[in-house]
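**Q** Before we start, here is the structure in question, set down as structure tokens.
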Amino acid sequence: MAAGEQPRTGSPPQPSTRLFLLVLAVTLTDQVLAASAQGMSIGINYGQIADNLPSPTRVSGLLRSMQISKVKLYDADQNVLSAFLDTGVEFVVGIGNENVSAMVDPAAAQAWVQQHVRPYLPSARITCITVGNEVFKGNDTALKANLLPAMQSVYNAVVALGLQGQVNVTTAHSLDIMGSSYPPSAGAFRPDAVPYIQPLLNFLSMAGSPFLINCYPYFAYKADPGSVPLEYVLFQPNAGVTDPNTKLNYDNMLYAQIDSVYAAMQALGHTDVDVKISETGWPSRGDPDEAGATPEYAGIYIGNLLRRIEMKQGTPLRPSSPIDVYVFALFNENLKPGPASERNYGLFYPDGTPVYDVGLRGYLPPMDESKSARKAVSLLALIAIASITLILS
């Protein structure tokens, strides 16, 4: 007996009582995990271009232990959606570029929504379908021409199932869709993209869907590290840049990029479409010619971004509208092509170890995924949740 410990009195709990307490603990744990998903307003991109990632069931435990409330997929993986049933986590599901042209056919769009969305509602909170990703970055003119008709077909399928207002339909764009982004008030889309973007904006306005943009201040720094101030791209203290037209001061590049998109949309007659950041991140490792790709800078970028999100901060142009961001990405993905940085955007290694410390404390359940093991993991997760602290200051 430890010094100062009082002698225990009374009889030990009976087996039936212990069983009741165990069941109660498991039930409460599941409720706590589901409720915790409402905790953070941050979204996360869950890519799977890798051969060493944990199973979706284990990932579900990891994300819920971190109180992540929103997840974006690049497909509609049934294993992932099934692993998150009744968790309260919101999902963006995607139709890949390779399937966009097929979705022009209303019957194909109807079949896709029936197969990949309808069966999981309402247990899986699917709130958005992205049709294609960065379509205007490439040179496939047929794909560009088919994008809007495909989005319209998918939207009509959503409406036919009575899901309008519950499930949005949109697409995600690369920032290189911009012809001009500085100063932010002079933001304009590339002239060659305008004939596609104008009707697309009309559709988004009609459907009440957001304009999704993938923004990476890292790319600007990597391209010209001698001229782009590191503090400006990492949300660190700096004098900022003042827009000569609006006199608004920008202390970071991401907000300037967002407001340049708003300006570009306004130039095409739209102030009624919200801009959301579908991807942003910073690589922790890169090739020798990829300046700034370090764990230190990645941690600073993501850590400072998380602080801004939790402050519900808006941009200088729209200060009352909190930024809506999906961080890229959950895991390092070892099979992604391209430079080394492409495989090193993850917050976590596949074994659940943080790549760098930004205060996100997660718990990756063990590999044994039998039903009994998952219950045991739930009990351990309850203990983990009790000790998790989001260190944002």
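The values are calculated or read from the model by the stated rules, or taken from the named source; none is laboratory data. Worth saying up front: this structure is predicted, and the values here are computed from it rather than measured. Note that we place each Cβ from the backbone using ideal geometry, even for glycine, and neighbour counts take in every protein chain shown. Each accessible area value is taken on the protein alone, full model and side chains, heavy atoms only, with ligands, DNA and RNA left out. Shrake-Rupley method; radii C 1.70, N 1.55, O 1.52, S 1.80 Å.
**Q** Considering only residues that are open to solvent by 20 Å² or more (accessible area, probe 1.4 Å) and hydroxyl-bearing (Ser, Thr, Tyr), look in region 227-259 and name the one that is nearest to Pro195 (Cα to Cα).
**A** Within region 227-259, the match that is nearest to Pro195 (Cα to Cα) is Thr246.
**Q** Mind checking which residues of region 302-322 are part of a loop (DSSP other than H, G, I, E, B) and open to solvent by 20 Å² or more (accessible area, probe 1.4 Å)? Reasoning before the result, please.
**A** First, the residues of region 302-322 that are part of a loop (DSSP other than H, G, I, E, B): 311-322.
Matches in region 302-322: Met311, Lys312, Gln313, Pro316, Leu317, Arg318, Pro319, Ser320, Ser321, Pro322.
**Q** Does Val93 fit the bill of being free of Cβ contacts under 8 Å to residues at least 40 places away in the same chain, surrounded by 23 or more Cβ atoms within 10 Å (Cβ to Cβ) and within 18 Å of Gly47 (Cα to Cα)?
**A** Numbers: free of Cβ contacts under 8 Å to residues at least 40 places away in the same chain: yes; surrounded by 23 or more Cβ atoms within 10 Å (Cβ to Cβ): yes; within 18 Å of Gly47 (Cα to Cα): yes.
Yes; evaluated as a whole, the condition is true for this residue.
**Q** Turning to a different aspect of this structure: For the subset of region 260-289 comprising residues that are in contact with an Asp or Glu (Cβ under 8 Å, 6 or more places away or on another chain) and charged (D, E, K, R), which member is surrounded by the most Cβ atoms within 10 Å (Cβ to Cβ)?
**A** This residue is Lys276.
**Q** Which ones in region 105-123 are open to solvent by 50 Å² or more (accessible area, probe 1.4 Å) and not basic (Lys, Arg)?
**A** The initial filter retains those residues of region 105-123 that are open to solvent by 50 Å² or more (accessible area, probe 1.4 Å), namely 105-107, 110-111, 114-115, 118-119, 122.
Passing the criteria: Asp105, Pro106, Ala107, Gln110, Ala111, Gln114, Gln115, Pro119, Pro122.
**Q** Within region 145-160, is there a residue that is touching a strand residue (DSSP E or B) at 6+ places or on another chain (Cβ under 8 Å) and closer than 14 Å to Ala193 by Cα? Even if it seems obvious, please write down each step before you answer.
**A** Of region 145-160, the ones touching a strand residue (DSSP E or B) at 6+ places or on another chain (Cβ under 8 Å) are 147, 150-151, 154-155, 158.
Restricting the remaining residues to those that are closer than 14 Å to Ala193 by Cα gives 147.
Scanning region 145-160 turns up at least one residue that is touching a strand residue (DSSP E or B) at 6+ places or on another chain (Cβ under 8 Å) and closer than 14 Å to Ala193 by Cα.
**Q** Right, here's the next one. Considering every residue within region 37-53, establish whether at least one is open to solvent by less than 20 Å² (accessible area, probe 1.4 Å), within 16 Å of the chain's Cα centre (by Cα) and modelled with pLDDT under 50. Give the steps one after another, and end with the answer.
**A** The initial filter retains those residues of region 37-53 that are open to solvent by less than 20 Å² (accessible area, probe 1.4 Å), namely 37, 40, 42-47.
Filter again for within 16 Å of the chain's Cα centre (by Cα), leaving 37, 40, 42-47.
Those left that are additionally modelled with pLDDT under 50: 37.
Looking for residues that are open to solvent by less than 20 Å² (accessible area, probe 1.4 Å), within 16 Å of the chain's Cα centre (by Cα) and modelled with pLDDT under 50, one finds at least one in region 37-53, hence yes.
**Q** Tell me which of these Gly187 doesn't satisfy, since it passes every other one: (1) modelled with pLDDT of 95 or more; (2) of a type outside the set (A, V, I, L, M); (3) open to solvent by 10 Å² or more (accessible area, probe 1.4 Å).
**A** All conditions are met except number (3).
**Q** List the strands (runs of 3 or more DSSP E) that sit entirely inside region 33-123 and contain at least 1 residues that are more than 24 Å from Ile309 (Cβ to Cβ) and out of contact with any Ser or Thr (no Cβ under 6 Å at 6 or more places or on another chain). Spell out the reasoning first.
**A** Working: elements: 40-45, 68-72, 90-95.
Strands (runs of 3 or more DSSP E) meeting the threshold: 90-95.
**Q** Follow-up question, since we're still on this one. Among the residues of region 162-175 satisfying the criterion of being surrounded by fewer than 16 Cβ atoms within 10 Å (Cβ to Cβ) and modelled with pLDDT of 95 or more, which is nearest to Asn133 (Cα to Cα)? So that I can check it myself, show each step before the final result.
**A** Our first condition is that a residue be surrounded by fewer than 16 Cβ atoms within 10 Å (Cβ to Cβ); within region 162-175, this holds for 162, 164-166.
Within this subset, residues satisfying the condition of being modelled with pLDDT of 95 or more are 162, 166.
Details: Gly162: 25, Gln166: 21 Å.
Filtering first and then ranking leaves Gln166.
**Q** What are the residues in region 215-224 that are over 14 Å from Ser181 (Cβ atoms) and open to solvent by less than 60 Å² (accessible area, probe 1.4 Å), if any?
**A** If the condition is that a residue be over 14 Å from Ser181 (Cβ atoms) and open to solvent by less than 60 Å² (accessible area, probe 1.4 Å), then Tyr218, Tyr221 are the ones that fit.
**Q** Continuing with this model, one more query. Collect the residues in region 124-146 that are in contact with a helix residue (DSSP H, G or I) (Cβ under 9 Å, 6 or more places away or on another chain) and either more than 22 Å from Asn45 (Cα to Cα) or surrounded by fewer than 18 Cβ atoms within 10 Å (Cβ to Cβ) (or both), keeping them in residue-number order.
**A** Residues of region 124-146 in contact with a helix residue (DSSP H, G or I) (Cβ under 9 Å, 6 or more places away or on another chain): 124, 126, 129, 131-138, 140, 142-146.
Answer for region 124-146, where residues must be in contact with a helix residue (DSSP H, G or I) (Cβ under 9 Å, 6 or more places away or on another chain) and either more than 22 Å from Asn45 (Cα to Cα) or surrounded by fewer than 18 Cβ atoms within 10 Å (Cβ to Cβ) (or both): Lys137, Gly138, Asp140, Ala142, Leu143, Lys144, Ala145, Asn146.
**Q** Going through region 54-102 one residue at a time, which ones are within 14 Å of the chain's Cα centre (by Cα), modelled with pLDDT of 95 or more and small (Gly, Ala, Ser)?
**A** Gly94 - this is the single residue of region 54-102 that is within 14 Å of the chain's Cα centre (by Cα), modelled with pLDDT of 95 or more and small (Gly, Ala, Ser).
**Q** If you don't mind, there's one more thing I want to ask. Is it the case that Asp272 is within 20 Å of Ile177 (Cβ to Cβ) and either part of a loop (DSSP other than H, G, I, E, B) or in contact with a helix residue (DSSP H, G or I) (Cβ under 9 Å, 6 or more places away or on another chain) (or both)? Quick ask: steps written out before the conclusion?
**A** Values: within 20 Å of Ile177 (Cβ to Cβ): yes; either part of a loop (DSSP other than H, G, I, E, B) or in contact with a helix residue (DSSP H, G or I) (Cβ under 9 Å, 6 or more places away or on another chain) (or both): yes.
So Asp272 fits the description; yes.
**Q** Okay, moving on. Which of (1) modelled with pLDDT of 90 or more; (2) more than 25 Å from Cys128 (Cβ to Cβ) does Val32 not meet, given it meets every other one?
**A** All conditions pass for Val32, except number (1).
**Q** Does region 260-281 hold any residues that are out of contact with any Ser or Thr (no Cβ under 7 Å at 6 or more places or on another chain), small (Gly, Ala, Ser) and under 19 Å from Tyr216 (Cβ atoms), and which are they?
**A** Ala264, Ser278, Gly281
**Q** Among the residues of region 365-380, is there at least one that is modelled with pLDDT of 85 or more and within 14 Å of Arg58 (Cβ to Cβ)?
**A** Restricting attention to region 365-380, the residues satisfying the condition of being modelled with pLDDT of 85 or more are 365-366.
Pick out the ones that are also within 14 Å of Arg58 (Cβ to Cβ) and you get 365-366.
Checked against the condition, which is being modelled with pLDDT of 85 or more and within 14 Å of Arg58 (Cβ to Cβ), region 365-380 yields at least one hit.
**Q** Looking at region 246-266, which of the residues that are among the small types (Gly, Ala, Ser) and in contact with a strand residue (DSSP E or B) (Cβ under 6 Å, 6 or more places away or on another chain) is farthest from Glu333 (Cα to Cα)? Quick ask: steps written out before the conclusion?
**A** Initially, region 246-266 is screened for residues among the small types (Gly, Ala, Ser), giving 256, 260, 263-264.
Next cut, in contact with a strand residue (DSSP E or B) (Cβ under 6 Å, 6 or more places away or on another chain) only: 256, 264.
Values: Ala256: 29, Ala264: 33 Å.
Across region 246-266, the extreme among qualifying residues is Ala264.
**Q** Turning to a different aspect of this structure: Any idea which of Gly299, Gly292 is modelled with pLDDT of 95 or more, open to solvent by less than 30 Å² (accessible area, probe 1.4 Å) and assigned to a helix (DSSP H, G or I)? So that I can check it myself, show each step before the final result.
**A** On the way: Gly292 fails: assigned to a helix (DSSP H, G or I).
Checking each option against the conditions leaves just Gly299.
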